[in-house]
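Participant: Can you keep this structure in mind? I'll have questions shortly.
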Amino acid sequence: MSAPDIQISPSVLPADFSRLGETVQALEAGGADRIHWDVMDGVFVPNLTIGPDVIHSCRPVVEIPFEAHLMVIEADELIPRYVEAGCDMILVHQEACTHLHRTLSHIRDLGVSPGVVLNPATPATTIEHVMDLVDQILVMTVNPGFGGQAYLQSMEPKISQVAEMISVSGRDIDLEVDGGLAVDTVAGATAAGANVVVAGSAVFKDPEGFAHAIPAIRDAGVSTRS
Ligand code: DX5
Ligand code: ZN
């Protein structure tokens, strides 16, 4: 079922970092709607990854938006640096922000789109009082920290619950999913209400390349937004 309104945001975590510029150009050429930068601090999650300078170096070589998924404790100090690096959206974890309402407002004040991320164990109700502050809600379908994990189908009722919260809010909020998304899992997540799909392994491991992988995942999705 073709779902042209499903956005695909490839994670570059699996990339060969010695060729990152060429890789983001190939992802854009292959139909990526965004680039998903998985930023990890080694504290909130065990892994340590991408600094703002890496993103800044890639900004000029593609046009599509950059979203920074900040898997970091107390991101307030780092947020301006990822905005200056060229990120259009900043996604912070509900679990990692002591003052989430203030942090999301801070992102908006910097002129970019705020998003909030929910770990698998975190209830959707924890963000009910910040629905007016976000342009995007990311429901994790794996536990954060590494790519290549199995999709958690048990998250689909939460995706539906967030979709209902978005509908009630009356605001145009993207519902993103992240972790284990591929042609065999994307239908469940999108049928539950997701309209933005992060994919790392499924994009980088496709033997037919990005231009096959990205449309294949999008076409396997289900449109739920009129
Ligand atoms: C995990 C990251 C995800 C992950 C996605 O902490 O937030 O973006 O890299 O990779 P796949 O699609 O391989 O699960
Ligand atoms: Zn991510």
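Participant: For the stretch 1-141, report the accessible area per residue in Å² (1.4 Å probe, heavy atoms, rounded to an integer).
Facilitator: 40 Å²
Participant: Short version: what are the Cα gyration tensor semi-axes of the chain, square root of 5 times each eigenvalue, largest first, in whole Å?
Facilitator: 23, 22, 16
Participant: What relative contact order, as a whole-number percentage, does the chain give when Cα pairs under 8 Å and 6 or more residues apart are counted?
Facilitator: Reported as a whole number, the value is 23 percent.
Participant: Another question, if that's okay. Quote the charge dipole size of the stretch 113-211 about the Cα centre in Debye, to the nearest 20; the model charges only the Cβ of Lys and Arg (+1) and of Asp and Glu (-1).
Facilitator: 200 debye
Participant: Taking all protein chains as present, what is the carbon and sulfur share of the accessible area of the chain, in % to the nearest whole number, probe 1.4 Å? Mind showing how you got there, number by number?
Facilitator: Numbers: 4980 of 9380 Å².
Whole-percent figure for carbon plus sulfur exposure: 53.
Participant: Let me ask something else about it. Please get the size of the charge dipole for the chain, origin at its Cα centre, with Cβ charges of +1 on Lys and Arg and -1 on Asp and Glu, quoted in debye to the nearest 20.
Facilitator: Approximately 180 debye in magnitude.
Participant: If exposed means no more than 12 neighbouring beta carbons inside 10 Å and the site is in a DSSP loop, what's the longest run of the chain without any exposed GluC sites (Glu not before Pro)? Provide the component values of the computation, followed by the final result.
Facilitator: Details: sites that count: 63, 128, 208.
That gives 129-207 as the longest site-free run.
Participant: Quick check of the Kirkwood formula: for the stretch 139-226, what is the inverse mean of 1/r over all pairs of different Cα atoms, in Å?
Facilitator: 13.2 Å
Participant: Restricting to bridges with both residues inside the stretch 1-152, how much of the DSSP beta-bridge set is antiparallel, in percent to the nearest 5?
Facilitator: Rounded to the nearest five, the antiparallel share is 5 percent.
The values are calculated or read from the model by the stated rules, or taken from the named source; none is laboratory data. If you're wondering where the values come from, they're calculated on a predicted model, not measured in any experiment. Please note: Cβ atoms are built from the backbone with ideal geometry, for glycine as well, and neighbour counts cover all protein chains shown. Each accessible area value is taken on the protein alone, full model and side chains, heavy atoms only, with ligands, DNA and RNA left out. Shrake-Rupley method; radii C 1.70, N 1.55, O 1.52, S 1.80 Å.
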